[in-house]
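Notes to accompany the following structure.
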Amino acid sequence: MHEALQHDTITARLEGDRIEPRASWRDRLLFIRLAASGLAILTGWLLTIRHGPYPWIVLCFAAAMLIGGYATIRQGLRALLRLRFDMNGMMAVAVIGAALIGQWEEGAVVAFLYAVSNWLEGFTQDRARRSIRGLMDLAPRTARVRRDGIEVVIPVEGIAVGDRLLIQPGEKLSTDGIIRAGASAINQSAITGESVPVDRAVGEAVYAGTLNGHGALEVEATRRADDTTLAHIIHLVEEAQSQRAPSQRFVDRFARIYTPIVFAGALAVMLFPPLLFGAPWNAWIYRGLALLILSCPCALVVSTPVTIVSAIGAAARHGIMIKGGAHLEELGRIKAVALDKTGTLTLGHPEVVDIVPLNHQGPEQVLSLAAAVEAHSEHPLARAVVRAARHREVPIPSARDFTALPGQGGHAIVAGEQIFVGSPRLFAELAGTKGEYGAVAALESEGKTVILVGTAQGASGVLALADPLRPNCREAIAGLRAAGILHVAVLTGDNRRTAERIAKEIGADTLRAEVLPDQKLHAVRALREVFGSLAMVGDGVNDAPALAASNVGIAMGVAGSDVALETADVALMSDDLAKLPYLIHLGRATVRVIRQNIGFAIGLKLLAIAAVFPGWLTLWLAVLGDMGATVLVTLNGMRLLRSRPVPTDPPHARG
């Protein structure tokens, strides 16, 4: 199989090897050889037209044959001596056979066209590999580091965990790290596929290969250069492109059986008519050689890998890592999608979604008082209240004498008055009343968490918090249905009331709430039994059993989770659910293109083989047909490189 890979300009590599561009001198040498071979053929044709000396005509065509076909003849004869039948062996037999029966012109054109075919395959397939080389070029080669108070420029390989990197505006980050000084907008498209820069400040993570915006940064390295998220992405894509899809494995098995049969068939065409019926040897040897050339499974063998490589490369450019052709093809057959809720459909942390004043105060005053007290608490709900106040630019007054009330809330002195922030139970105990706030029951019925703000005499406002849906979530579900997904399910361990609100908002078909990981696993298996092929979308950690049980496991937010990167079959490098429909469309397009290529390659062979026996097909036309089919299926597969997600309107800043 290694020889077949070499013919298709696909090189086998050891794990960890980097893909390097083909040497330019080799490209130039190949082009010079093709030009010399073509010039020799042209000279031979001119001598034939002018009725030149026959030996010189033969010499010109023989020279074209050797110059253009030397590598093919050498590799083909070597394979035949080992009783291994491949495309190079077929061409070697055809070229040598043409010379033996005096068809020098035909042999020369065959050798030249086959060399051109190999060059075109290498050129077109090299475009698909550029996506990987482009990823490798994203990270800079050097880094400016402060060590012992001195700034030095070192190769990225010399970066150690804990080093302080100095990143100027417009520079790319050389490794993953945490911002220790400064703030800036970071273009993370290399990692997440998002074109909109995101704001990053002290304490937040940044990644190698991303582009710093307007601010100067000091970043503490958290990983070595060979262990960054970008390095993991490159490894994943290289590994994925080396894996063989089911269609490709079928083609490989077909080619191994098909090639010896073709040799036997061509030999039968050459021998049986002359031996059994006294037909002319030259005519039937010529037809046998034409059959041999035309039967080369070049287009068939190259039809699948170039399509898979192109699709995986296109997905990688948009922040989607697909771990192999098998998963890509499986995506094309998905009928149902199951989604985790927390961290997948939702942001994974609470946010203030409603503010209801209960007296003469306005919403901003209610939020301001609550934030003043909660600024002294570390509770997730308290941090959400403070975050909401800052996001809405509501002033946060100073507070003193803060006291936490475990399980209920807390209180502090604000502007000389004791303000309480806490659960409805806390205010029921303070005021000695229950259920007097109608807004509380209405908000809780929607699955929201409610906290009250007020004094010991009663509440002055209600804050409702919820884990909000991700941006573009509803559009993503609509896109999945447009892509042909028949069923959308929500699987979550959260309480039923909250889960029902989320499922209703996105328009899910079924909901399983309050399920443990093993119950989620059983739910996935049940859905697979009904729909046959299912994709599970989760965070890649607590959803690992369900991800593994699905036909295709898709992990969200991989830039912050190595576990997700290892668990899932597909990894979305951003939290943008809007890329899910693109993923399904890409899988379906890949399966469709593979079928087109295989059908076209086999159909063209059958049509041309039928033209061999009446003598309608010449050797050079057979090569031209084989070359054309190979290039056409290659170009058809490479169309997937241009596929891209439908643009949406992502938020420009963090929530």
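For region 351-466, averaging the sequence separation of C-alpha pairs within contact (under 8 Å, six or more residues apart) and dividing by the residue count gives a relative contact order of 30 percent.
Sorting Glu171, Glu105 from the fewest to the most surrounding beta carbons within 10 angstrom yields Glu171, Glu105. Straight-line cross-link reach from Lys504 at under 29 Å between alpha-carbon atoms covers these lysines, not counting any fewer than eight positions away in the same chain: Lys335, Lys341, Lys448, Lys520, Lys579. Peptide packing: for 385-396, 200-211, 304-315, the average count of neighbouring Cβ atoms within 10 Å per residue gives the ranking 304-315, 200-211, 385-396, highest mean first.
Before anything else, pin down the relative contact order of region 142-227: Cα pairs under 8 Å, at least 6 apart, normalised by residue count, whole percent. List each step's numbers first, then the result.
Numbers: 229 pairs, mean separation 31.9, N = 86.
Relative CO of region 142-227 lands at 37 percent.
The slack in the chain from Leu275 to Arg425, taken as 0.36 nm per residue of separation less the alpha-carbon distance, amounts to 43.7 nm. Both radii come from the Cα set of region 142-227: Rg as radius of gyration, Rh as Kirkwood radius; their ratio Rg/Rh reads 0.94.
Could you calculate the contour length gain from Ile261 to Trp616, that is, 0.36 nm times the residue separation minus the distance between their Cα atoms, to one decimal place in nm?
Numbers: separation 355, 0.36 × 355 = 127.80 nm, distance 2.25 nm.
In short, 125.5 nm is gained.
When each of the peptides 479-491, 41-53, 142-154 is scored by how many other beta carbons lie within 10 Å of its residues on average, the order from highest to lowest is 479-491, 41-53, 142-154.
Where a number appears in this text, it was derived from the coordinates with a stated rule and is not lab data. Just so it is clear, the structure is predicted and the values come from calculations on it, not from any experiment. Note that each Cβ is placed from the backbone with ideal geometry, even for glycine, and that neighbours are counted across all protein chains shown.
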